[in-house]
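The structure appears right after this line, and notes come after that.
The values are calculated or read from the model by the stated rules, or taken from the named source; none is laboratory data. It should be emphasised that the depicted structure is a prediction, and the values quoted were computed from it without experimental measurement. Glycine gets a Cβ as well: all are built from the backbone with ideal geometry, and neighbour counts include every protein chain shown. Areas reflect the complete protein model, heavy atoms only, side chains present, ligands, DNA and RNA absent. Shrake-Rupley method; radii C 1.70, N 1.55, O 1.52, S 1.80 Å.
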Amino acid sequence: MAAHLPQLALLALRRPADTRPLVVVDSEDHNQRILDADAQAQAAGVRPGMTLGAALAAAPDIEPRARDPLRERELMQRLVALAATFTPQVSIEAPDGLLLEIKSSVMLFGGLRELCRRLRDACHADGVLTQIGAAPHFTLAPTALAALVAARAGARCFITDPGVLPARLKPLPLTVLRWPEEHVARLAAMGVRTLGEVMRLPRAGFARRFGPQLLADLDRLLGKRADPRARLTPRERYRGALDLDHEIEDHERILQVLEPLLAELEQFLRVRQRGITALQCRFHHYRAAPTRCTLRLAAPEASAERFTRLLRERLATLVLPEPVRGCELRGGALRPILLASRTLWSPGEHGHASTGEMPSLVEHLRARLGAQALYGIRRVAEHRPERAWCITGPAIDDTPVNPPTPGAMPRPAWLLAAPRSLQAVRGRPRYHGRLELLRGPERIESGWWDCNDVQRDYYVAKDDTGALLWIYRECRGERGWFLHGLFG
């Protein structure tokens with residue numbers, strides 16, 4: 001399948017509020033020639049190739065604008081993002097064409113016609129493309145070049161049988177191949193103006209006069225020669241920026257400005273089936289340095305709605321030094337996201353527990369209280385209990401911090417900040433009464449390499465109330481007893 005954006009240079013410069021006839025000028029040309037003109041300008045006599053002076057003489061009210069290649073690439077990348085939701089095999093045919101290899105996606109979308117319909121609907125639903133009146137022309141053919149030339153010609157082309165391809169391509173003008181102008185002019189002087197006429201020429205004589213490359217193009221057009229295309233590799237991180245026409249400082253208006261960027265970010269992530277755990281917003285000011293607002297997420301996320309909710313909480317605590325003149329979004333590294341269907345039962349029904357509550361709660365508290373307000377713990381490869389853990393980001397799953405090892409003595413979830421000395425009567429430890437030793441001893445002897453070595457015998461003990469304690473006895477010195485942890 002091929003997609004062609006007619007008058008791309010014109011579309012890239014069009015604004016919704018435009019009322020005057022618009023023309024595109026080649027700023028690199030010393031004579032400032034017209035590259036393209038809209039319908040109003042052409043009705044007034046302006047034609048591509050005219051100088052700007054001649055165009056102004058024909059239509060004094062036209063509005064000339066310099067071509068913007070960067071904006072053209074942005075529009076094509078937007079079309080690429082839409083196409084990538086239907087197939088991963090997408091390539092750009094600069095400057096205004098797109099190729100999609102869709103054979104592997106046909107069954108997934110319910111057939112060719114349904115896939116084409118969904119792709120057209122996706123383009124019509126895109127706000128940016130619709131706002132400027134961009135309507136890509138789609139065609140379908142067995143070969144990439146055939147689909148591309150049919151799209152450039154604006155032909156209705158839905159060909160699945162290679163046998164009928166030559167007959168359908170015959171009436172198309174030769175210019176759709178975009179050969180060098182001198183070759184097209186020579187062929188026109190010979191009376192060859194369509195693809196059908198050039199395909200009837202003797203192959204040997206054509207290659208001798210115009211070179212083997214043009215003959216190879218004809219072979220690729222009809223599928224007689226392989227035509228591999230370079231697949232676009234999507235960028236790994238999202239970057240989006242928006243310059244404002246006026247300064248704003250109200251937080252709700254800032255969120256409204258960020259809405260299209262967040263929607264674009266969601267589309268960027270959905271296409272790749274990935275999420276992010278970090279998002280940075282930069283607010284640019286006139287004099288002050290940019291203000292940074294960073295979100296840390298507990299789990300990979302791709303929802304613009306959740307990003308908006310967290311940004312609202314974060315902005316409530318953010319002080320802006322000056323009004324905002326521009327906004328920028330920078331996504332973190334892409335991470336796999338767990339795709340799951342919605343549950344049949346509502347939370348609480350038939351014993352069902354809602355999913356995703358913990359990441360949402362963690363993100364909400366972080367946005368409200370700050371990233372340093374929440375933390376979790378992580379195991380460290382160390383035998384000494386007080387050094388066998390460290391602070392990390394909050395855990396969002398149900399994995400225990402210290403999963404029990406079969407046959408090993410259990411570890412308490414509550415470890416005291418520092419071991420507490422216990423009284424002993426006749427060598428037996430006491431804590432609010434006599435303690436009963438249930439399990440042990442477990443010898444822990446480690447740390448000689450950092451001059452903080454320990455030699456302890458650990459026991460699980462029970463007090464008079466039935467509470468379980470984790471205690472140990474020193475193996476050297478006064479051999480005192482200590483309370484180190486409490487079991488739940």
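Worth pointing out:
- Candidate cross-link partners of K462 among the aspartates and glutamates, defined by an alpha-carbon separation under 12 Å and a same-chain spacing of 8 or more, comprise E436.
- Whole-angstrom Cα spans of the chain along principal axes, big to small: 118, 56, 52
- The aspartates and glutamates within cross-link reach of K103, meaning a Cα-to-Cα straight distance under 17 Å and a gap of 8 or more places when in the same chain, are E114, D161, D227.
- The chain: relative contact order as a whole-number percent, Cα under 8 Å and 6+ apart: 9 percent
- Carbon-plus-sulfur accessible fraction, the chain (probe radius 1.4 Å, protein heavy atoms only): 51%.
- Dimensions in Å of segment 225-282 - Rg and Dmax from alpha carbons: 16.5, 60
- Angstrom value of the Kirkwood radius, inverse mean 1/r, which spans all Cα pairs in segment 55-156: 15.3 Å
- Working ranking of peptides 236-246, 205-215 by packing, defined as the average number of other Cβ atoms within 10 Å per residue, highest first, is 205-215, 236-246.
- Each eigenvalue of the Cα gyration tensor of segment 437-488, multiplied by 5 and square-rooted, gives one semi-axis; in descending order these are 24, 11, 9 Å.
- The relative contact order of segment 97-166 comes to 23 percent, based on Cα pairs under 8 Å that sit 6 or more residues apart.
- Table column - 3J(HN,Hα) (Hz), segment 416-423, Karplus curve with 6.51, -1.76, 1.60, x for Gly and Pro: 5, 4, 8, x, 9, 5, 10, 6
- Per residue value of the accessible surface for segment 113-154 (all protein chains in place, 1.4 Å probe), Å²: 41 Å²
- Expressed in Å, the radius of gyration and Dmax of the Cα atoms of segment 11-93 are 15.6, 49.
- Over segment 75-132, relative contact order from alpha-carbon pairs under 8 Å, at least 6 apart, %: 28 percent
- Estimated 222 nm signal from helices in the chain, with DSSP H stretches of n ≥ 4 weighted -39500 (n - 2.57), rounded to 500: -9000 deg cm²/dmol
- Spin-label pair E322/A226, simplified geometry with 7 Å Cα→Cβ offset, distance in nm: 5.8 nm
- Computed over Cα pairs, the Kirkwood radius of segment 103-256 leads via Stokes-Einstein (1.567 mPa s, 4 °C) to a diffusion coefficient of 68 µm² per second.
- Estimated inter-spin distance, D243 and A57, nm [label 7 Å along Cα→Cβ]: 3.5 nm
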